[in-house]
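S.K.: Got a structure for you, questions after.
Where a number appears in this text, it was derived from the coordinates with a stated rule and is not lab data. Quantities reported herein were computed from a predicted structural model and do not represent experimental measurements. Note: ideal-geometry Cβ built from the backbone for every residue, glycine included; neighbour counts use all protein chains shown.
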């Protein structure tokens, strides 16, 4: 049963300025599935190794006889390779050299499609595309070798603007360079516009964004010590993606490839699909040299070559009545896929499924397309298309509100989805959500009408500072889209170790978000144990079942539920053993001390006890992939974010001075980890909104350093106030829903809405840099400009 | 390339390293001395993941040529647990969410321990830690951790 209660914040409950300390972290009410009580969050279980510097990241690992690898890349955006020459002045005898001709299996990065080669074979489609691989004992020699290789090309015209991708001279994929197309149609949008009093039609753009995990990509591959197959150790999110891609590359069965995750220094999607390429390259070098090979990118190479967030162009046409009801939404969404398909179709799917926002609109048409350009491929990045389409719609909502003479929150209030309402795909909202309460709470936290009056007064007096509040309302679908989870059919196991401890076996990775701690909490709760009594096995494909990738805000919700089920199954199996030996024991009674005693008996008798679970689709989820109708996601997280910004009208520097993130993510499993997810995502979103700009020249990324690609520092962002509502999800462990990607969605529209209000201009793109704002302000100002 | 023998102290231990004089201190620490706690995030002194303390100064070891370490006293993350401030900072990071993926954490903790020791009354932790980048936390829980460490050591009180 879904809870019919809405959890509301007692008005005097929290005040949050400065550092967060338990129990200051604000709650609406604890989710009843969490016992309805506050328990102090446990310290993160992988914390000790991380704070002492003992945790082993891939670059920290040395192996006997290990070589270093390097990747030689294209220096043009598109063309035929006409020759490769090796300078005879260099002694090449100590080098292992791998080209496409050395590939024993298929030269295809097997993911959704097979269009991308591991190594360019005669033709390159983007700058920095891998062509050759080198390995040597001495990294200095690799640097020299890179300069002693000359690759010549017959260049062809690159497509560097996704709007031109349809032109015949750029054709490189299918008939018209279209990677994927999705149409979502609800009702009759023309009829919807007929009944509108006002129609607003505008276009919004977002730029590429670098994941900027602080640990660059890296892998070590070695021939398996027993002679057959290959072992891979590295920084990654999805071990079984690597298995799939690298076995295809090497032409070996899955059993001959072992993939082990090393401690991973951040992913954010950037280590979803790209690590398969690094792993494949390292494996090719290891097989040819018969030595372990370490292939670790430096920051320059990482920013230059790896995937980034898809740039987007979104046209939003909306019809409203004069009393502020949306009647029609027509959205044309175009994603720049870069040179190869990678995960673009799925990113496009998530973008289109979030494009109409948390609003009930009778008539909707969404046309989404992703096309090729000759830039390095774009791929997974936290939010996965949703931030792009949400940005466009939420900017548009504020502009509609202005036209209607309504406040942004009042206009939204008149249109929010509620339980029982129909979404764009025909999905009926099941979550008993109250978006307006989320919104008014944020508004109140920011000081409400009183603060808005103060800011207006201060703006009138200040010669150079303009401040305002801004908001965004949104949802984020948790887990894989549609039938994706059914196809994954994820499996988790829980076993008793020889010491009688419970070990969880899954392929989901700890990448900073807290998987180890969360899985321990869930299993401990299921068995009445302490989290310290649970072991989470390191993701090693020789040991763990495939529980799917660590992406899509699915790990805590979808896989966590399987952890709970596997733990309960373990208790049932153990009870079965006891029943055989002694008497009838119910699984339910095997909790806490009773479980410990039973586990002790199992150790004594040498019983192997293994619990298992496998994903089963909740019965209510119905999805038709071909028509894009039905339940796009089993559940959603819901949120309203708000901020206060101050803009300097001389420099157009934007300072975000307050930020409040209010969301319903179901049951919160661990307060500190949840707050950390939200704050980290918000700051990434602020970076995307204001400062993170990937600069391309002739299809190559030019700002390939952290001094030139600027991510937010301590002093660029305010404290992020985090509030949770907890409407439990019945198929999440302890009521939890997905949380990881949600916070990426709200900051950009909230901040740009505040800027729009502060300056009286309409910014339509992120990153929203000072030079862009200056241009807008100059265009809007009377002759003479804004700067006296 | 000509090599030089450079002598210095790391974490209280005398070492002699024979290396090209312009070899990065970070590489010497990680590869020659096996101290892999210090990390490379950017290689240009921007991210602070390689932070170490040299003669009492907080520096980025990726932009220090090893020759500059001659005769120096160097402290890396590996030795911090042995100091009261270092241990307090490490404990606070574990308890207050200061570490997520952990790659910036060793450098962040070296910087935080240095800041906890050297901060003046009224100084802003955010300003003092701004030389270290973190992509996971959004920074608040790092500030909460350092605050908690300072409070536990009573450093704040004695200075105020």
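S.K.: Express in nm, to one decimal, how much length is gained between residue A:616 and residue A:588 on full extension, taking 0.36 nm for each residue of separation and deducting their alpha carbon distance.
M.R.: Extending this stretch completely gives an extra 7.9 nm.
S.K.: Then there's this: What is the order of A:63, B:128, fewest Cβ neighbours within 10 Å to most?
M.R.: A:63, B:128
S.K.: Right, another one. Normalised by the number of residues in chain A, what is the relative contact order in percent for Cα pairs under 8 Å and 6+ residues apart?
M.R.: Once normalised by length, the contact order is 16 percent.
S.K.: For the stretch B:1-79, what class follows from the C-alpha gyration tensor (a ≥ b ≥ c being the square roots of its eigenvalues): rounded when a/c is under 1.5, otherwise prolate if a/b is larger than b/c, else oblate?
M.R.: Oblate, because a/c is 1.5 or more while a/b does not exceed b/c.
S.K.: In what sequence do A:241, A:615 fall when counting other Cβ within 10 Å, fewest first?
M.R.: By the 10 Å Cβ count, ascending, the order reads A:615, A:241.
S.K.: Order of A:127, A:173 from fewest to most other C-beta atoms within 10 Å?
M.R.: Exposure proxy ranking, most exposed first: A:173, A:127.
S.K.: Treating each Cα of the stretch A:151-208 as an identical point scatterer and ignoring solvent, apply the Debye formula and state log10 I(q)/I(0) at q = 0.15, 0.24, 0.28 Å⁻¹.
M.R.: Result of the Debye calculation: -0.77, -1.06, -1.16.
S.K.: Something else: What number, in nm² with one decimal, is the all-direction average of the projected area of the convex hull of the alpha-carbon atoms of the protein assembly as shown?
M.R.: Dividing the Cα hull surface by four gives the mean projection, 40.9 nm².
S.K.: Over the alpha carbons of the stretch A:273-314, what is the largest minus smallest coordinate on each principal axis, giving the biggest first in Å?
M.R.: Ordered largest first, the stretch A:273-314 gives principal extents of 50, 18, 10 Å.
S.K.: If all Cα-Cα distances of the stretch B:11-160 are sorted into 10 Å bins from 0 onward, what percent lands in each bin, rounded to whole numbers?
M.R.: Each 10 Å bin holds this share of Cα pairs: 12, 43, 32, 12, 1.
S.K.: Please report the orientation-averaged projected area of the stretch A:259-328, defined via the convex hull of its C-alpha atoms, in nm².
M.R.: Its Cα hull, projected and averaged over all orientations, spans 8.8 nm².
S.K.: Based on the inverse mean of 1/r over its pairs of different Cα atoms, what is the Kirkwood hydrodynamic radius of the stretch A:355-407, in Å?
M.R.: Averaging 1/r across every pair of different Cα atoms and inverting gives 13.7 Å.
S.K.: Okay, moving on. Quick check on the stretch A:155-291: what does the Kirkwood estimate of hydrodynamic radius come out to from the alpha carbon pairs, in Å?
M.R.: 19.1 Å
S.K.: Tell me the Rg and the Dmax, in Å, that the Cα atoms of the stretch A:708-788 produce.
M.R.: 18.7, 61
S.K.: When Rg is the radius of gyration of the Cα atoms in the stretch A:383-537 and Rh is its Kirkwood radius, what does Rg/Rh come to?
M.R.: That ratio is 1.14, to two decimals.
S.K.: Please report the orientation-averaged projected area of the stretch A:81-155, defined via the convex hull of its C-alpha atoms, in nm².
M.R.: Mean projected area of the Cα convex hull: 6.0 nm².
S.K.: Okay, next question. Ratio of alpha-carbon Rg to the 2.2 N^0.38 Å globular estimate for the stretch B:98-155, to two decimals, please.
M.R.: In units of the globular-protein estimate, the stretch B:98-155 measures up at 1.04.
S.K.: Please state, rounded to one decimal and in Å, the Kirkwood hydrodynamic radius that the stretch A:630-788 gives when every pair of distinct Cα atoms enters the mean of 1/r.
M.R.: Evaluated over the stretch A:630-788, this radius sits at 17.4 Å.
S.K.: Round to a whole angstrom and tell me the spacing of the C-alpha centers of the stretch A:144-193 and the stretch A:626-663.
M.R.: Taking the Cα centre of each part, the stretch A:144-193 and the stretch A:626-663 sit 29 Å apart.
S.K.: Next question, about the same structure. Rounded to the nearest 500, what is the protein assembly as shown's calculated 222 nm mean residue ellipticity when only DSSP H runs of at least 4 contribute -39500 (n - 2.57) each, over all residues?
M.R.: Using -39500 (n - 2.57) per qualifying helix, the result is -8500 deg cm²/dmol.
S.K.: Given q = 0.16, 0.22, 0.23, 0.24 Å⁻¹, what are the Debye log10 I(q)/I(0) values for the stretch A:615-687, with equal point scatterers placed on the Cα positions and solvent ignored?
M.R.: So the normalised log intensities work out to -0.81, -1.04, -1.07, -1.11.
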